[in-house]
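Here is the structure we will look at.
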Amino acid sequence: MCAHQTLLWCRKLLKVPSRCLKCHKIGTGHFTSQCPEEGDKCRTCGSNHHMRDCPVIDRDGRYCVNCKTRGHATWDRGCPVFVTQYDKLASKVPENQYRYYP
């Protein structure tokens, strides 16, 4: 795309899988108001505290509540559960096969 004599690269924004903002699980079908968890879960280490209070600073301390493994956080887009849910969602919309606008 060209605007004001400047070449701009554009790409479509694809939908991402929805997640609960309390327990941070993907594909559960519930949101914060219906979440069965008692307290908030940390997106970085999976413990019962807010992310801003998380003491974990290294990659080895991160824990994903979706795939239940250490080494990456719940917000990591490289998580196998996120990738699977993202691909499933993208395959439902044929236009999503085009990365850039035609």
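Results, tabulated for the structure shown:
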read-out: Meets criteria (at positive phi and modelled with pLDDT of 90 or more) for G46; value: yes
read-out: Count of residues meeting criterion [loosely packed, with under 14 Cβ neighbours inside 10 Å and not in a loop (DSSP other than H, G, I, E, B)] in the stretch 4-25; value: 2
read-out: Verdict on V81 being surrounded by 10 or more Cβ atoms within 10 Å (Cβ to Cβ) and in contact with a Lys or Arg (Cβ under 7 Å, 6 or more places away or on another chain); value: no
read-out: Whichever residue in the stretch 43-102 is in a helix (DSSP H, G or I) and of a type in the set (G, A, S) and, among such residues, is nearest to the chain's Cα centre (by Cα); value: A90
read-out: Residue within the stretch 43-63 that is under 20 Å from K15 (Cβ atoms), in contact with a strand residue (DSSP E or B) (Cβ under 9 Å, 6 or more places away or on another chain), of a type in the set (V, I, T) and surrounded by 12 or more Cβ atoms within 10 Å (Cβ to Cβ) present; value: no
read-out: All positions within the stretch 2-41 that are closer than 23 Å to F82 by Cα and aromatic (F, W, Y); value: F31
read-out: Some residue of the stretch 24-35 being in contact (Cβ under 8 Å) with a residue 40 or more places away in the chain and basic (K, R); value: yes
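The values are calculated or read from the model by the stated rules, or taken from the named source; none is laboratory data. Since this is a predicted model, take the numbers as computed values, not measurements. Reconstructed Cβ throughout: ideal geometry from the backbone, glycine too, with neighbour counts over all protein chains shown.
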